[in-house]
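A.B. asks: Quick one: this structure, given as structure tokens, is what I'll be asking you about.
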Amino acid sequence: MPQTPPPSPVSERPEQTRSVTRGTRGLLRALGASVLGEFPLPNGRRADLAALSRDGSFRIVEVKSCVADFRADGKWTHYRAFCDRFYFAVPLDLHEAPEEIFPPDAGLIVADAHGASVWREAPIHPLPAATRKALLVRFGQMAAERLHYALHLGEF
């Protein structure tokens, strides 16, 4: 009889993912950024969180519920071309030392549902002007569409 593959780490820990996402979103807002979740990128990928700062810079945050989630997912490398800074956000109660597991060329945010802090700042990789303009338009359109949906259909 064939064995059923084990569930993905994310499907086992949806509450953990929501908690890290919520705390990280709050941190980004406190830093003065506007934040959209599940932000579609021009390459067809979706960023867990995209943050647009007052100075026009973009941050992308990939939320990981556990180390196994990170190890099972290599798509994050496709996000760097669409942000000035790239971060991983992980649970506060991560048992491994996240600074040793997650790539040193990415920022690191540690979060729970009540808040977050930047453990390691992300290096700056300035976006080309044309990419920045395209992302600004995409961000504005997405924000307007979500607001319209919330106002006219009652939820996001």
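A.B. asks: Of LEU127, LEU147, which residue is in a loop (DSSP other than H, G, I, E, B), hydrophobic (A, V, I, L, M, F, W, C) and over 20 Å from GLN16 (Cβ atoms)?
C.D. replies: After applying the criteria, what remains is LEU127.
A.B. asks: Something else now. Which of the residues belonging to segment 112-156 are closer than 21 Å to ARG46 by Cβ, of a type in the set (Gly, Ala, Ser) and modelled with pLDDT of 95 or more?
C.D. replies: Answer for segment 112-156, where residues must be closer than 21 Å to ARG46 by Cβ, of a type in the set (Gly, Ala, Ser) and modelled with pLDDT of 95 or more: ALA116, ALA122, ALA134, GLY140, ALA143, ALA144.
A.B. asks: May I ask you to list the residues in segment 11-46 that are touching a residue at least 40 places away in the same chain (Cβ under 8 Å) and either of a type in the set (Phe, Trp, Tyr) or within 19 Å of ASP84 (Cα to Cα) (or both)?
C.D. replies: Selection gives THR24, LEU27, SER34, LEU36, PHE39, PRO40, LEU41, PRO42.
A.B. asks: Suppose we filter ALA134, ALA122 for residues that are more than 24 Å from THR17 (Cβ to Cβ), touching a residue at least 40 places away in the same chain (Cβ under 8 Å) and surrounded by 12 or more Cβ atoms within 10 Å (Cβ to Cβ); which single one remains?
C.D. replies: ALA134
A.B. asks: Tell me, which residue of segment 28-37 that is assigned to a helix (DSSP H, G or I) and surrounded by fewer than 21 Cβ atoms within 10 Å (Cβ to Cβ) is nearest to the chain's Cα centre (by Cα)?
C.D. replies: ARG29
A.B. asks: Take segment 44-81 and flag every residue that is farther than 14 Å from ARG132 by Cα and part of a loop (DSSP other than H, G, I, E, B).
C.D. replies: GLY44, ARG45, LYS64, SER65, CYS66, ALA72, ASP73, GLY74
Conditions (1) aromatic (Phe, Trp, Tyr); (2) more than 17 Å from VAL20 (Cβ to Cβ); (3) surrounded by fewer than 20 Cβ atoms within 10 Å (Cβ to Cβ), marked per residue:
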{"residue": "PHE39", "(1), (2), (3)": "yes, no, no"}
{"residue": "PRO42", "(1), (2), (3)": "no, yes, yes"}
{"residue": "ARG45", "(1), (2), (3)": "no, yes, yes"}
{"residue": "ARG54", "(1), (2), (3)": "no, yes, yes"}
{"residue": "ARG59", "(1), (2), (3)": "no, no, no"}
{"residue": "SER65", "(1), (2), (3)": "no, no, no"}
{"residue": "ARG71", "(1), (2), (3)": "no, no, yes"}
{"residue": "LYS75", "(1), (2), (3)": "no, yes, yes"}
{"residue": "PHE88", "(1), (2), (3)": "yes, no, no"}
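The values are calculated or read from the model by the stated rules, or taken from the named source; none is laboratory data. Since we're looking at a predicted model, the values are computed, not measured. Virtual Cβ from ideal backbone geometry, glycine too; neighbours counted across all protein chains shown.
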